[in-house]
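Structure first, commentary second.
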Amino acid sequence: QAMEEAAEVSMRNLLTRSGSVQTASVNLLIEIVAAYGLRKADNVGSSDPYCVIRLGERILHKTSVISNNINPIFTLKHNCLCLVSESVEKFFKTSVGVTFEVRDYDNVGTGSRLGEAVVKQNVLLEANGDRMELPLEHEKAEHGQQGVLIIRSRAATASDIKFMK
């Protein structure tokens, strides 16, 4: 309930600034910084992690794979930045939030999920670039917490948008 109210306030604030749902847009810069304590998914005692960002079922972004690392540091080389440019209506359409899924890459098959975290849209919108540590959860209870994903999020500037396009 409190999360939904906060999302409504964020949406109203955006609408007040722009006038209507049709013209209001969200321009958000998300940086995948690092992860640590990831589960060892490969037979060699490591993982080949990458991160997928989803809004509902739609994939917004994927980083590159970092091979043989359970404590990866993502850089521009690894496609760590994601520009989210959406209408306010589309951005808030899903009540689930934005999902950050860390996966292990495999040459054969789809790989395995190392863990995921969900962040409400208003939390990402109101962040000012500060580091956020997201505990990664696994759907199987025996796995429990599967490490931590570190992200940053802030409103994208005109320079950010130009750089990302």
Practice item. Under a cut-off of 28 Å between alpha-carbon atoms, report the lysines in cross-link reach of residue 162, not counting same-chain residues fewer than 8 places apart. Key: 62, 77, 90, 93, 120
**Study point:** lysines with Cα under 16 Å of residue 40, excluding same-chain neighbours fewer than 8 positions away
**Key:** 140
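The numbers here are math on the coordinates, done by the rules we state, and not lab data. Since the model is a prediction, treat every value here as computed from it, not as a measurement.
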